[in-house]
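Undergrad: Take this structure, written in structure tokens, and hold onto it; I'll ask about it next.
The values are calculated or read from the model by the stated rules, or taken from the named source; none is laboratory data. The shown structure was predicted, so the numbers you read here are calculated from the model rather than taken from an experiment. FYI the Cβ positions are ideal-geometry reconstructions off the backbone, even for glycines, and counts take in every protein chain you see.
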Amino acid sequence: MQEEYTPIQFQNGFLKLLDQRLLPHKEEFVLCETIEQGHMAIKDMVVRGAPCIGFTAIFSLALWLKSKKDFSQTELLQAANFLRTARPTAVNLNFEIDKVISLVSQVKNNEEDLYLKIVEYGLTQIRESENKNRKMAIAAQKDLVEREGKKKFRILTHCNTGFLACGSLGTALGVVEHLHENNLIKDVWVDETRPYLQGARLTSYELMKLGIEHRIVVEGAASYLMREGLVDAIFTGADRIVKNGDTANKIGTSNLAILANHYNIPFYIVAPTSSFDLNIETGNDIEIELRDEEEVLSYGGTRIAPRESRAFNPSFDITEGKLITGIISEKGIAKGNYLKTLQEIV
């Protein structure tokens, strides 16, 4: 991928983030020099997507280490817990923060070496994510062809799960790219994904960069597309997958899973094992982020609802495991009894 399209870059001791709030019309980077700026970038969705949120957390903690001549374990945990508050639903955030804390506790060198070690860990995680995502894409294609037969597929996807969300290739959108590379794509339907329009703004941007033809649809069109036989499979990402297969993902995902179940269309979750949280029993125990109601009531600075109107803006919903055809990770595909099969692939 060309560097100018890489959403996360760490150069000359600073973190550069492609400002996804401005896409697709402007390609500008935000420079982060402190942990506070990293926290704000996550919270305000300069960067988003579970894997990229995790990567940003790594580099934000590296910036914190760089600023400290000396620190206690208590101060490190306070900095880590501050970052955790940025966005509570994506488990990758906690996964990477916990990993950094573990690495710091293992290293007895000076703070300069420690800072560089964490930076290198972050860069390694981004590089390794491409290999993981490629494994998932290969597994997804194999499973889909075995289930549906070899043909050109019409794929529906939701939110944004490509390089903007994952740093490289992508999860669900990585599957689309892999199918395209193998001449197995007929249509790509891109859910606009209200209210932040990650599909219309970001997924379409990525597909354009990849040279993959696509069409944007309103989420209300999903049932029509499925009923008319225009969707062969649905692939989405995940922000948190729990022990019984229940999955938290962008609001509107569960709608698609329910419709897919009704129309007998395969519905897949594509996510690395860093998105698994098998310490949580069911989706009922996942904290759902509630965002500012102005994201619903306004767009681009223009109010679209009456001034007296209020809004409710959950950022995620829970898709029950029983509605999911398969959960595809870099370690394999889990199906059926997720209490058993998820444990087998982690």
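Undergrad: Within region 1-17, take every residue that is at pLDDT 95 or above and in contact with a helix residue (DSSP H, G or I) (Cβ under 7 Å, 6 or more places away or on another chain) and give me the one that is farthest from residue 122 (Cα to Cα).
TA: Among those residues, the one meeting the criterion is 17.
Undergrad: Which one of these is of a type outside the set (D, E, K, R), surrounded by fewer than 22 Cβ atoms within 10 Å (Cβ to Cβ) and either without any contact (Cβ under 8 Å) to a residue 40 or more places away in the chain or in contact with an Asp or Glu (Cβ under 8 Å, 6 or more places away or on another chain) (or both): 55, 29?
TA: That would be 29, the only listed residue that is of a type outside the set (D, E, K, R), surrounded by fewer than 22 Cβ atoms within 10 Å (Cβ to Cβ) and either without any contact (Cβ under 8 Å) to a residue 40 or more places away in the chain or in contact with an Asp or Glu (Cβ under 8 Å, 6 or more places away or on another chain) (or both).
Undergrad: Given (1) outside any loop (DSSP other than H, G, I, E, B); (2) more than 25 Å from residue 278 (Cα to Cα); (3) not hydroxyl-bearing (Ser, Thr, Tyr), identify the lone condition not met by residue 100.
TA: Failing condition for residue 100: (2).
Undergrad: Enumerate the pairs (first residue in region 130-149 and assigned to a helix (DSSP H, G or I); second residue anywhere and among the polar types (S, T, N, Q)) with beta-carbon separation below 7 Å, excluding pairs fewer than 6 apart on the same chain, so at least 6 apart or on different chains.
TA: 130/168; 133/168; 133/171; 136/171; 136/329; 141/182
Undergrad: Out of all the residues in region 212-231, which are closer than 25 Å to residue 178 by Cβ and either part of a loop (DSSP other than H, G, I, E, B) or of a type in the set (Ser, Thr, Tyr) (or both)?
TA: Listed by number, the residues that qualify are 212, 213, 214, 229, 230, 231.
Undergrad: With (1) touching a residue at least 24 places away in the same chain (Cβ under 8 Å); (2) part of a helix (DSSP H, G or I); (3) over 18 Å from residue 42 (Cβ atoms) as the list, and residue 70 as the residue in question, which single condition is left unmet?
TA: Among (1) touching a residue at least 24 places away in the same chain (Cβ under 8 Å); (2) part of a helix (DSSP H, G or I); (3) over 18 Å from residue 42 (Cβ atoms), the lone unmet condition for residue 70 is (2).
Undergrad: Additional query: Would you pick out the residues in region 111-148 that are surrounded by fewer than 18 Cβ atoms within 10 Å (Cβ to Cβ) and modelled with pLDDT of 95 or more?
TA: 134, 135, 138, 142, 145, 146, 147, 148
Undergrad: Could you tell me which residue of region 156-170 is farthest from residue 233 (Cα to Cα), considering only residues that are crowded, with 24+ Cβ neighbours inside 10 Å and hydroxyl-bearing (Ser, Thr, Tyr)?
TA: Result: 161.
Undergrad: From the list 97, 8, which one is farther than 27 Å from residue 209 by Cβ and surrounded by 19 or more Cβ atoms within 10 Å (Cβ to Cβ)?
TA: Checking each option against the conditions leaves just 97.
Undergrad: Let me ask you something else. If I ask for residues that are at pLDDT 90 or above and part of a helix (DSSP H, G or I), which ones from region 80-96 would you list?
TA: Answer for region 80-96, where residues must be at pLDDT 90 or above and part of a helix (DSSP H, G or I): 80, 81, 82, 83, 84, 96.
Undergrad: State yes or no: is residue 65 within 25 Å of the chain's Cα centre (by Cα) and either in contact (Cβ under 8 Å) with a residue 40 or more places away in the chain or not assigned by TED's automatic domain parsing to the domain that holds residue 236 (or both)?
TA: So residue 65 does not fit the description; no.
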